[in-house]
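Shown next, in structure tokens, is the structure this report addresses.
The values are calculated or read from the model by the stated rules, or taken from the named source; none is laboratory data. Only a predicted model underlies this, so the values are computations on that prediction, with no experimental measurement involved. We place every Cβ from the backbone using ideal geometry, glycine too, and count neighbours over all the protein chains shown. Keep in mind that these areas ignore ligands, DNA and RNA; they rest on the heavy atoms of the full protein, side chains included. Shrake-Rupley method; radii C 1.70, N 1.55, O 1.52, S 1.80 Å.
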Amino acid sequence: MQTIASISSWYANNETLIQEILIYALLAFSIQVALRSGIFSLAGVGFYAIGSYAAGLLVKEQAWPTALAVIAAVLLCALLGWALSVLLVRLRDLYLALATVAFDLMVGVVALNWSSLTGGPLGTVGIPISVTTLTIFITVLGAAAMLALMQRGTIGRTLVAVREDEQLARSLSVNVRRYRELAFVISSMLGALAGAYHALLFTDIQATDAGFELIVLALTMVVIGGFGSWTGALLGAILLTWIPIELTSIGQWWDAVYGAMMIVVATFIPGGLISLVTIAGRASRGRARPSLLRRGSAAAAPPASSSGA
Amino acid sequence: MSSDRAGGQPGPGGQPWRGGQPGLGEQPGPGGQGASREGAPALKIDRLSVRYGHITAVASVSLELPAGAIVAVLGANGAGKSSTLGAVAGSVKAHVSGDVRLFGERVGGRPSHRIVARGMVLVPEGRRVIAPLSVEENLLLGAYRQRSHKQVRAKLGEVHELFPVLRERRGSPAGLLSGGEQQMLAFGRALMADPRVILMDEPSMGLAPAMVDRVIDAVRAINALGKSVLLVEQNAVAALRVASYAYVLDRGRIASSGSAQTMRSDPVVAEVFLGLHESASRASAEQGPGRSEAARS
Amino acid sequence: MFSSRRLRWPGGALALLVMAVTIAACGSSKPSTTKTTSTVSSTSSSVAASATSSTESAGTIPVTFVGDETGLVAFVGKEVLKGMEVAVKRANASGELHGKKIVLSVMDTASNVSTATVKMSDAVKSNAVAVFGPLLSNEALATAPIAERGKVVDIETEAEVGGLLQIGKYIYRLTPSEFLYYPLTVDHLAKLGVKHVNLVYASDNPTLTEESTKLLPEWTKKLGISIGTSVGIPSTTTEFSSIVTKLETGKPEAIGVNMIGPAIASIASALRTSGYKGTIFCDQSATAGSLKPGGSAANGIIYGVLYSPEMSFPSSKEFTKLYEESFPGEKPQGYDATGYDAMTAFADAIAKSGSDTREGVLKGMQELTVAGSFDGGSGPLKFTGPEHREVSGPGALVEWKEGAEHMLVQGTPGLESQPLKAQ
Amino acid sequence: MPGAPAAGEMLQQLINAIVFGSVLTLFALGLSLAWGTLDVLNLAHGAVFIFAGYLTYELTRQGALSFVPALIVSMVGAGAATVALEVLAFRFIRTRFANKRQAELSMLVASIGGAIIIDQVVSNETGATTFGPPSSIFKVREYHLTGSAGITNIQILIVVVAVLAAVGLDQWVRRSRQGRAVRAVAYDPVTSGLLGVNVSFVAISTMFVAGALAGLAGVLLAVNLRAEEVAVGQDYLLTAFAILIVGGVGSVRGAVLAAYLIAIAETAVVAYGPTQWRDGIAFLLILLVLLVRPQGLFAKAQFQRA
């Protein structure tokens, strides 16, 4: 009884933080699912903006039921996401990343200038609060379950093949394009969900919400947490929401400490912080023998590397 | 490629090399046969080991390249040949132990650009020409450490004389050359550094038989310029045509060694690497002509 | 697959160490996320510990500024805070608080909306009887609903965004909109005989866009001034020569630069370099040093401000004096006056209702607004707007000259909006 | 031409576009160099750019240094800041991460971390307000051409320096011994090492040049703009993304042409179009170019590794 009471008081004290984390988790999932499938797309942030306007305006202006508005927003973004993936089908790596950044920023410019719809620089305010933390929590659970399934089994293996060697995947008669489109669409839908929930929980949308800062934040969450698995994205979302709030107590240099932490983790922990958890878990179970996979990778890639002093 | 299978062929247990049994490679000694000059051998490798994590690719290999000689290192795919060369040239990222001496001077453990500066160049497996750069730029890059413009020009002239095709195609991007031409470029590029020792990693790999002959001629010509050559090859027939002495590497260890003459008549070598006996099919699988064809395309 | 499985232990350990140390530091300093300000007086810091503890001390009135101590508008947040501190000191010394003392604590929003919302909910859950909201419009919009739901009076400053007061009855805004005193500038232009103006404004800033596209055209029309070119550019613009060329077309007698940040000084300098001799006017964001880098090119720029140390109102003079006592050698600015006004209104509300519970604060604020006005650092402020939850102020027109503002015209108190006298 | 105000204005806008294109060129050259040769998309480039402007402001405001020494010190400072990132982060990532995508991502995040630190230094030291070097260090004056069109001495300097820097960098990369090594390292660092190239030295010197170019742009722009703040660096960075993509990565000539193209497009929108859409132009160009020519307008076909 005591513990239940303390948990509920802890929850009450941190509800807003938890809401932020859950919403950012969805956004981080959106970026992670793309990255894991070998698609360096940051379009999730643009769909965050579109999803927030779509859901927010449908609820506020059209008085749609919340569930319907969220579903409509997500479907709209799924469609747009598919269209974008077709448009950008030939792009890879950093080119794709920059193209999707351009898309995100374009969404912001359009939102700012389409005043009749979005309120332009005034933003869309006064959206009724229409979702609960529980709803978002359940959505995050569902999304995590879906991503976990996508990491295993045939789909998971196929996506890894598509990511690691497209030619090979093609030769195994994998429809690479279909899988890339699938990942792109799922990424768009997750981004839209995050945006829709943000609008319906925090009641206002500004055209500048989904700007370069949010792109950087989402990317950082995924890389710092570890993009190899959804757990990494979740860990990144938790830490990068929570740490800055705590760090502000340091005073005016907190940002520099934050930046230094980013450099250290990015440079020295290649798999992201989640890999520390994995390693700790493995260590506690005793030293595992090197897996076949590892041996295979050692053989495939002899440690050819620069000879830098 | 690499292998952690314990227990090499020669010697008992895990330390076959160090104990009482004298190293096979030292019995006749290549120095005895080659054109040994006064002083230290061009290259002396002593108990070289290369480990990638838990996997040992090369275990206590010792060998010697007399000055002015061509010595071949033979072995199947995965025997540890490339790891040996990479470790000697300072380009592998792995745990390396042992002693490497260039004309008596310790060079083991130095980064590759320092080793080049000491006069030893590796011609890497697969040629690794810098494809977007022109043929001439590739050659000039070989002379990166040479700052005197005049000497670079003179060297360029020498290389052009040796490989006229490089003069003809000097402006064309290196990536557009044929496999054989790229191998000539890789040789020429190595010569530009004016090395005393050249390490060659599978120069015949992926080339048509006629081209292999030209590569072997080139190796001979390079040797004639006074360069000592350590030639690593899967194609034992070709290698033994130019080498005076040969080592056989198996699973990271020296399996046997001897003069080219001896090695050609060695039944084990003949069976495994030269494919002279009935098990020709197995030998060809290891030697990999099929792979050569595939790689050429 | 992933090489990432291979952790480099030295690096990994280092990273872990950094994380651990930081987190430990954060954990141990948890109470200081709501740190009590101690810049002004030692008395306020001595009661800091009791203010953050959960048991309510009998003699203190805890309030929290959820504001921008770091981040984009830290330079504003720090000034607002100073003004609040001066007001706390005044109120605590005046005895009007029924023998109690205000204790002000600060939670840094780092100009970040997420951080701001979390900090605001922390503040609402604390024992603070009132909160002072963050300065950026998007922060204010995101945090005000939390205060409203928590039934805590949220006194906003600086955030000019429309729709803020519609969030609910607990939300107040005690910085007068510059729309109310911008007419002083237009009036002055008319007096100078200006007939044609060209205009550039930040098209992504709601206040500046509304001012430049709706209000200025109305005001200038009334005074017979015509607006030739009106250029809206995003505030991310970093190249101004093409805009300057456009602004100079038609040779207007005055050019308006309703931009924020360094753009004002950049555009003004470029105008002067290219030989423009007319009047340059802008909005109040030119205050607080934005024009300093412009050097002599910025001389003669006019703009309306909320407060000037040269104001002759008694309450302004009192504020100026108190500020200069608290921060010797520093000149008070508009942002200081804003913080002072917000805190003074809060203290007046407590004095009125005699109760320092959250409901008591609301009651006091309602009584104060019914009274119609109160005397703040920026002069007599009149309550206006929905349920009188915002204020209008007289304002002043100033001219920038050699690194300082000089008052040209002082606004008239007690009006909703400054009149266009030249009419 | 004189007498026709519209023509005069057009000429002025053309001059403006050329000056703006030169600023963008200076900014983008370093970014393009680092990405094209070392595969580093350095998101701290904008912060380094502002850092140089800040250094000049600090060095000159007390009258301690005059323009040219301050410019040199600021360029060295900007180069050093970039080298610090290379030595502390990029180098480790490059040599230790086997997975290329992982390395790319980690470098992005590390450079974001670097940008945050540099921005924090500048913003804390300037009180997060606008700053700019005093006008006394460089007397800006305008020269009148025809009619109302004019150009200032700092603008002329920017154009000249941009052209010299672009030609110099192009020639350095194409013709010099060190430039050859840079291109070789970009293509294959291991083989370059085997040819005697000191790869880590090449990487460090390349990053230094990239940083110093950002510094050069930062100082000249600080003088030209008179006032700036931390956020300006990011605004330039986003435009520079467009330049890299439109021009084609690694192509100095492409970057220069793209810089002027974008400058002309943005100036045209400000001069004759819906000005509030100005920000959209660069992004729209990116999307258009990527659709038509994914490798960029001016990049040559890539050679596959043999």
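Please work out which residue is surrounded by the most Cβ atoms within 10 Å (Cβ to Cβ), limiting yourself to region D:81-117 and to residues that are closer than 30 Å to C:Ser290 by Cα and more than 8 Å from every other protein chain (Cβ to nearest Cβ). Result: D:Thr82.
In region D:122-134, of all residues being facing another protein chain (nearest Cβ under 7 Å) and either touching a helix residue (DSSP H, G or I) at 6+ places or on another chain (Cβ under 7 Å) or surrounded by 24 or more Cβ atoms within 10 Å (Cβ to Cβ) (or both), the one that is farthest from C:Lys78 (Cα to Cα) corresponds to D:Pro134.
Reported count of residues in region D:135-151, each being open to solvent by 80 Å² or more (accessible area, probe 1.4 Å), more than 9 Å from chain C (Cβ to nearest Cβ) and part of a loop (DSSP other than H, G, I, E, B), is 2. When B:Leu191 is tested against the conditions (1) open to solvent by 20 Å² or more (accessible area, probe 1.4 Å); (2) within 18 Å of the chain's Cα centre (by Cα); (3) closer than 21 Å to D:Gly196 by Cα, the lone failure is (1).
Filtering C:Pro328, C:Pro293 for residues that are more than 19 Å from the chain's Cα centre (by Cα) and away from chain D (no Cβ under 14 Å) leaves a single hit, C:Pro328.
In this entry, D:Val159 passes the filter for residues that are modelled with pLDDT of 90 or more and assigned to a helix (DSSP H, G or I). Taking into account only those residues within region A:112-133 that are in a loop (DSSP other than H, G, I, E, B) and open to solvent by 40 Å² or more (accessible area, probe 1.4 Å), which is farthest from the other protein chains (Cβ to nearest Cβ)? Taking the candidates together, the pick is A:Thr132.
In the set B:Gly226, B:Gly258, which member is more than 14 Å from chain D (Cβ to nearest Cβ), open to solvent by 10 Å² or more (accessible area, probe 1.4 Å) and not in a helix (DSSP H, G or I)? Only one candidate passes the filter, namely B:Gly226. When B:Lys81 is tested against (1) open to solvent by less than 30 Å² (accessible area, probe 1.4 Å); (2) in contact with a Lys or Arg (Cβ under 7 Å, 6 or more places away or on another chain); (3) charged (D, E, K, R), only condition (2) is not met. All conditions in (1) more than 8 Å from chain D (Cβ to nearest Cβ); (2) over 24 Å from D:Gly233 (Cβ atoms) hold for C:Ala298, with the sole exception of (2). Across region A:35-50, a minimum of one residue is classified as hydrophobic (A, V, I, L, M, F, W, C), open to solvent by less than 40 Å² (accessible area, probe 1.4 Å), over 28 Å from A:Thr124 (Cβ atoms) and assigned to a helix (DSSP H, G or I).
From the list D:Ala128, D:Ala165, the lone residue that is touching a residue at least 12 places away in the same chain (Cβ under 8 Å) and in a helix (DSSP H, G or I) is D:Ala165. Under the condition of being in a strand (DSSP E or B) and within 14 Å of chain A (Cβ to nearest Cβ), which residue from region C:84-134 is farthest from the chain's Cα centre (by Cα)? The qualifying residue farthest from the chain's Cα centre (by Cα) is C:Ser105.
Annotation for region D:72-85: at least one member residue is modelled with pLDDT of 95 or more, within 20 Å of the chain's Cα centre (by Cα) and within 23 Å of A:Gly271 (Cβ to Cβ).
Filtering region C:174-191 for residues that are assigned to a strand (DSSP E or B) and more than 14 Å from chain D (Cβ to nearest Cβ) leaves an empty set. Of the set (1) at positive phi; (2) without any contact (Cβ under 8 Å) to a residue 24 or more places away in the chain, all apply to A:Ala12 but (1). Here region B:104-122 is the region considered, the condition is being among the small types (Gly, Ala, Ser) and more than 7 Å from every other protein chain (Cβ to nearest Cβ), and the residue that is nearest to B:Ala40 (Cα to Cα) is B:Gly104. Taking every residue in region A:71-98 that is more than 20 Å from D:Arg101 (Cβ to Cβ) and pairing it with any residue that is aromatic (Phe, Trp, Tyr), at least 6 positions away or on another chain, the pairs with Cβ-Cβ distances below 8 Å are A:Ala72/A:Trp64; A:Cys77/A:Phe47; A:Leu80/A:Phe47; A:Gly81/A:Phe47; A:Gly81/A:Phe184; A:Trp82/A:Phe184; A:Leu84/A:Phe103; A:Leu84/A:Phe184.
Filtered by the rule that a residue be open to solvent by less than 70 Å² (accessible area, probe 1.4 Å) and among the small types (Gly, Ala, Ser), region A:154-179 gives A:Gly156, A:Ala161, A:Ala169. Across region B:123-144, the number of residues qualifying as open to solvent by less than 10 Å² (accessible area, probe 1.4 Å), among the aliphatic types (A, V, I, L, M) and within 7 Å of chain D (Cβ to nearest Cβ) comes to 5. Residues of region D:286-296 that are touching a residue at least 40 places away in the same chain (Cβ under 8 Å) and surrounded by fewer than 21 Cβ atoms within 10 Å (Cβ to Cβ): D:Gln295 alone. Checked against (1) assigned to a helix (DSSP H, G or I); (2) open to solvent by 10 Å² or more (accessible area, probe 1.4 Å); (3) closer than 29 Å to A:Arg152 by Cα; (4) touching a helix residue (DSSP H, G or I) at 6+ places or on another chain (Cβ under 7 Å), A:Ile23 meets all criteria but (2). Restricting B:Pro41, B:Pro111 to residues that are open to solvent by 10 Å² or more (accessible area, probe 1.4 Å) and out of contact with any strand residue (DSSP E or B) (no Cβ under 9 Å at 6 or more places or on another chain) narrows the list to B:Pro111. For region D:271-285, which positions are free of Cβ contacts under 8 Å to residues at least 40 places away in the same chain and in a helix (DSSP H, G or I)? Of everything in region D:271-285, those that are free of Cβ contacts under 8 Å to residues at least 40 places away in the same chain and in a helix (DSSP H, G or I) turn out to be D:Tyr272, D:Thr275, D:Gln276, D:Trp277, D:Arg278, D:Asp279, D:Gly280, D:Ile281, D:Leu284.
If we keep just the residues of region A:199-235 that are within 10 Å of chain C (Cβ to nearest Cβ) and within 10 Å of the chain's Cα centre (by Cα), which is most open to solvent (accessible area, probe 1.4 Å)? The extreme case among them is A:Leu217.
Residue-wise test of (1) free of Cβ contacts under 8 Å to residues at least 60 places away in the same chain; (2) touching a helix residue (DSSP H, G or I) at 6+ places or on another chain (Cβ under 8 Å); (3) closer than 29 Å to B:Asn235 by Cα.
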| site | (1), (2), (3) |
| --- | --- |
| B:His54 | yes, no, no |
| B:Ala89 | no, yes, yes |
| B:Val107 | yes, yes, yes |
| B:Met120 | no, yes, yes |
| B:Val123 | no, yes, yes |
| B:Asn138 | yes, yes, yes |
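Of the strands (runs of 3 or more DSSP E) lying entirely inside region C:343-423, none contains at least 2 residues that are touching a helix residue (DSSP H, G or I) at 6+ places or on another chain (Cβ under 6 Å) and surrounded by fewer than 19 Cβ atoms within 10 Å (Cβ to Cβ).
C:Leu81 meets the stated requirement of being at pLDDT 95 or above, under 17 Å from C:Thr344 (Cβ atoms) and hydrophobic (A, V, I, L, M, F, W, C).
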